[in-house]
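To keep things clear, I will list the structure first and then write my remarks on it.
The values are calculated or read from the model by the stated rules, or taken from the named source; none is laboratory data. The model shown is predicted, which means the values in this text are computed figures rather than measured ones. A quick note on method: Cβ atoms are made from the backbone with ideal geometry, for glycine too, and the neighbour counts reach across all protein chains shown. Only protein heavy atoms, including side chains, enter the accessible area calculation; ligands, DNA and RNA are left aside. Shrake-Rupley method; radii C 1.70, N 1.55, O 1.52, S 1.80 Å.
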Amino acid sequence: MTLRGKTAIITGSNSGIGLGVAEALAAAGADVVLNSFTDRPEDHALAVQMGQQHGVEARYICADMSKPDEARRLVSEAGACDILVNNAGIQHVAPIEEFPPAMWDRIIAINLSSAFHTTAIALPMMRKAGWGRIVNIASAHGLTASPYKSAYIAAKHGIVGLTKTTALETAGEGITANAICPGYVLTPLVEAQIPDQMKAHNMDRDTVVREVMLLRQPSRQFATTEQIGGTTSFLCSAAADQITGTTISVDGGWTAL
Ligand code: NAD
């Protein structure tokens, strides 16, 4: 498959899943626009290195997805958007009565509303080209719930709904919109939690991963950023032309339970 000549914008792509998705799309030949809210030399260096490695154009655009105007600016500044991957996301864990209202607003803004804003600017570009792919990185928590993650779960269920609506509004126009619902993915963020969990449960790494962290993931194996990147590439391929408005779980069986 080649995505040569296509431009992909991936929100929240200077680490973890977003970076894995950007790598996969660049490896398939797409020009990529990386993003996060920081503007450090290493953010721009990441794009330069990716571009050199895959022989594609790669840029980093700093834009804060918690701010509607910045989300919209990201897409307009990119100037082209054939593939839009809404990935930026944060988490906060607390019971509803203790959940800080400002944190609720921030999670909804980054994990849900930013995707509305980027999509609104990207759709006219995709319609003009007669082709487009929108891939929203939701979560197993877009389909099922856990306690203490109210804002995250509301946002992830919301993005599944936004995905379906986007698919209906673009059906038959060469544009598809789908959500990927990962279970636990081994990102630096998750990796960093392992030592604390080992200490808290007095278990070795393998046991704490299997028996605590992956309790709800029947495979008892993490998904990888490469697998999420591969699923995104598939959704951008011709084989997926008629796949739209759906969710694809990459969760080791979590949502089959
Ligand atoms: P991560 O923290 O490694 O990556 C999050 C990315 O979002 C980073 O690049 C970060 O800089 C960026 N970001 C955060 N706030 C931002 C803002 N205001 N503006 C722009 N960018 C911002 O985490 P991850 O695990 O790679 O998560 C990526 C996505 O995948 C999230 O939407 C998350 O909910 C989802 N997800 C992760 C897992 C998992 O187990 N890791 C599982 C299911 C879904």
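Considering only THR166, THR118, THR246, the mean-square fluctuation computed in a Gaussian network model of the chain, springs between alpha carbons under 10 angstrom, is largest for THR246. Taken one residue at a time, the phi angles of region 200-209 give Karplus couplings (6.51, -1.76, 1.60, θ = phi - 60°) of 4, 9, 6, 10, 7, 4, 4, 5, 5, 5 Hz. Gly and Pro are set to x. At an R0 of 30 angstrom, the distance between the Cβ atoms of THR224 and LYS128 translates into a FRET efficiency of 0.30. Other residues with beta-carbon under 12 Å from the beta-carbon of GLN49 carry, at +1 per Lys or Arg and -1 per Asp or Glu, a net charge of -3.
The angle separating the long axis of helix 16-27 from the principal Cα axis of greatest extent in the chain is about 30 degrees. What percent antiparallel are the DSSP beta bridges of the chain, to the nearest 5? Taking every DSSP beta bridge with both residues in the chain, the antiparallel ones total about 0 percent.
Against the empirical curve 2.2 N^0.38 Å, the C-alpha radius of gyration of the chain lands at a ratio of 0.98. Using only side-chain charges placed at the Cβ, +1 for Lys and Arg and -1 for Asp and Glu, the dipole size of region 101-181 relative to its Cα centre rounds to 100 debye.
Spin-label model, ARG216/ARG4: points 7 Å from Cα along the beta carbon direction are separated by 4.4 nm. Can you give me the angle between helix 114-129 and the longest principal axis of the chain, using Cα atoms only, in degrees from 0 to 90, rounded to the nearest 10? Value to nearest ten degrees: 30.
For the chain, the longest principal axis of the alpha carbon atoms and the long axis of helix 225-235 meet at an angle near 40°.
Solvent exposure of region 110-257, expressed per residue, is 45 Å² of accessible area, with all protein chains present and a 1.4 angstrom probe. All other residues whose Cβ lies under 12 angstrom from that of SER36 are scored, Lys and Arg at +1 and Asp and Glu at -1, for a net of -4. A cut-off under 13 angstrom between Cβ atoms defines the neighbours of TYR60, and their net charge, with Lys, Arg +1 and Asp, Glu -1, is -4. Can you give me the C-alpha center-to-center distance between region 67-89 and region 153-188, rounded to a whole angstrom? With region 67-89 and region 153-188 each reduced to a Cα centre, they are spaced 15 Å.
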